[in-house]
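Derivation of every value follows stated rules applied to the coordinates shown; laboratory data play no part. Keep in mind that what you see is a predicted model, and the values were worked out from it rather than measured. Positions of Cβ are generated from backbone atoms using ideal geometry, with glycine treated the same way; all protein chains shown enter the neighbour counts.
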């Protein structure tokens, strides 16, 4: 048996999207994968909990719902530069404390879709690191803003392999809070900046296939045919009307396995047409960009390999 612990943080609005991610994990899990999910939320409704529990029809799993007291996060409320960020975005910094008796866990944002078993990722040795992560799409820009020592070290916090044992033993959050209080002016992306700056020398960089960050139909962090986790970043999510994103069909494939409603065919057609219109309006010269041709080659490679 391969025991795999996975954590999500979300509010009630994102409960549906967490369910889709879980459906994708269950659909692509190996037979021996023994999955335990932890969902940290301040207001996830009973209705959505029941719909998530219903996913056991795909593959059996264990699940715990954790409802933290918001007073636990009062230190982050006082950081003026990040007041605009939802408090739930800082829940992942408390996973070590909220998820008891677990030494290692995969954290996933709710806008991810998993296409392979997570056993390989989970079994990665991070005993010497606070976490493992994948380079952010804009790692150069954000790394420079934080004055990181090395260029290729700034990771995206949407997919993390967390060494909770090390967090506890070395009181990792105390380092985060101290930096946040004394260097608030350096923080632009909340918890993601804090993890990258405070753990700079103790982060294991993982293969891009574990967090392929997709912005639109052409721009992504990796053009390899290997994309074990797809991360729909930015404001144009697959479920939004008018989104124009690569691999969005996968989201609706797994949505159809949940108890949540899938939009009808007309909605999909209208959304695609409107999405193309919005994209062309924003990127009228897309044919001059290398991303278009890289993605075209990628799509052709996928067709050939099928």
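Report, as a whole number in µm² per second, the diffusion coefficient that Stokes-Einstein gives for the chain at 37 °C and 0.692 mPa s using the Kirkwood radius over alpha carbon pairs. Kindly include the intermediate steps, with their values, before the conclusion.
On the way: Rh = 20.2 Å.
For these conditions, the coefficient is 162 µm²/s.
Two decimals, Cα atoms only, Kirkwood Rh: what is Rg/Rh over the stretch 172-227? If you can, show how the numbers build up before the last one.
Details: Rg = 15.0 Å, Rh = 13.4 Å.
Ratio value, two decimals: 1.12.
Rank these for me by crowding, 246, 45, 119, going from fewest to most other beta carbons within 10 Å. Present the calculation step by step, with values, prior to reporting the outcome.
Numbers: 246 22, 45 11, 119 16.
Ranking 246, 45, 119 by Cβ neighbours within 10 Å, fewest first, gives 45, 119, 246.
Relative contact order for the stretch 1-131: what percent, with Cα pairs under 8 Å and sequence separation of 6 or more? If you can, show how the numbers build up before the last one.
Details: 173 pairs, mean separation 51.9, N = 131.
Relative contact order, the stretch 1-131: 40 percent.
Counting only Cα, what are the radius of gyration and maximum Cα-Cα distance Dmax of the stretch 166-301, in Å?
Rg and Dmax of the stretch 166-301, Cα atoms, are 19.2, 54 Å.
Using the number of other C-beta atoms within 10 angstrom as an exposure proxy, rank 92, 294 with the fewest first.
Values: 92 25, 294 15.
In order of increasing Cβ crowding within 10 Å: 294, 92.
In percent, how large is the relative contact order of the chain, given Cα pairs closer than 8 Å and 6 or more residues apart? Intermediate results must be reported in sequence, preceding the final value.
Numbers: 506 pairs, mean separation 57.0, N = 306.
Across the chain, relative contact order equals 19 percent.
Stick to Cα atoms and the Kirkwood definition of Rh, then tell me Rg/Rh for the stretch 76-220.
Numbers: Rg = 14.8 Å, Rh = 15.7 Å.
Rounded to two decimals, Rg over Rh is 0.94.
Sort 264-275, 124-135 for me by packing, meaning the mean count of neighbouring Cβ atoms within 10 Å per residue, highest on top.
Details: 264-275: 12.8, 124-135: 19.0.
Final packing ranking: 124-135, 264-275.
Starting from the Cα of residue 150, step 7 Å along the direction of its Cβ; do the same at residue 278; then give the gap between the two resulting points in nm.
Going from the residue 150 label point to the residue 278 one covers 3.8 nm.
What order do you get for 51, 240 when you list them from fewest to most C-beta neighbours inside 10 Å?
Final ranking by Cβ density, sparse to dense: 240, 51.
With a ≥ b ≥ c the root eigenvalues of the C-alpha gyration tensor of the stretch 1-151, is it rounded (a/c under 1.5), prolate (a/b larger than b/c) or oblate?
Details: a/c = 1.80, a/b = 1.24, b/c = 1.45.
Here the stretch 1-151 falls in the oblate category.
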